[in-house]
Amino acid sequence: MSALARIALEGARAAPQAAAGFALAAAAAAMLAGAWFFELVIGLAPCPLCLDQRIPYYIALPLGLAVGVLALKASRLRLARGGLGLIALVLAVGAGLGAYHAGIEWGWWPGPASCAGSGPSAPVSDILTALKHGRVVRCDEAPWRFLGLSLAGYNALIAGGLALVAIAAARLPAYGSSSVSQ
């Protein structure tokens, strides 16, 4: 059997984890594209917490690609599963950030002072200049809702769902294998 055929066979046995890695990377890219769409096309300026919620997707995208490539080779399946676990952790943090932000929007708890809309913190002589050039985007006001949920709420649900997908994929057996602990 040629080396190329052997690699293809090993990749086929590990396909669930490879597919999950690539799918998670695609989902992260779609979430970032959606955030940029709302910002650049719709005109919804992101608050500091909105920007923080993008960070897990910036991490999950290249990590998902790396996991997908690693999982194509059955000998690296354990490393790919570890990568899926790391993606799950990163996306769970993203879900937590989304839930925290949604709670601020619903008034369940106060948000950070950096995005409460209290105005710029500048010396009295510079306040007029700061007001002309700066715009504080409040974290406690949802500028857009659909079916009662804000973008932060949807992010919490989507990131949490993707974290569960990553966990499930890490636990799947490789094709042609009957054990989960590979």
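The values are calculated or read from the model by the stated rules, or taken from the named source; none is laboratory data. Keep in mind that what you see is a predicted model, and the values were worked out from it rather than measured. Every residue, glycine as well, gets a Cβ built from its backbone with ideal geometry; the counts of neighbours run over all protein chains shown.
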Pull up the stretch 92-116, narrow it to residues that are small (Gly, Ala, Ser) and part of a loop (DSSP other than H, G, I, E, B), then point me to the one that is farthest from residue 138 (Cα to Cα).
107
Pick from the stretch 45-59, criterion over 16 Å from residue 99 (Cβ atoms) and aliphatic (A, V, I, L, M), ranking: surrounded by the most Cβ atoms within 10 Å (Cβ to Cβ)
59
Looking only at the stretch 33-46, count how many residues are within 14 Å of the chain's Cα centre (by Cα) and either modelled with pLDDT of 95 or more or acidic (Asp, Glu) (or both).
1
Between 70, 79, which is part of a helix (DSSP H, G or I) and over 13 Å from residue 20 (Cβ atoms)?
79
Residue ID - modelled with the highest pLDDT, chosen from residues in the stretch 141-176 that are part of a loop (DSSP other than H, G, I, E, B) and buried (at least 17 other Cβ atoms within 10 Å of the Cβ)
172
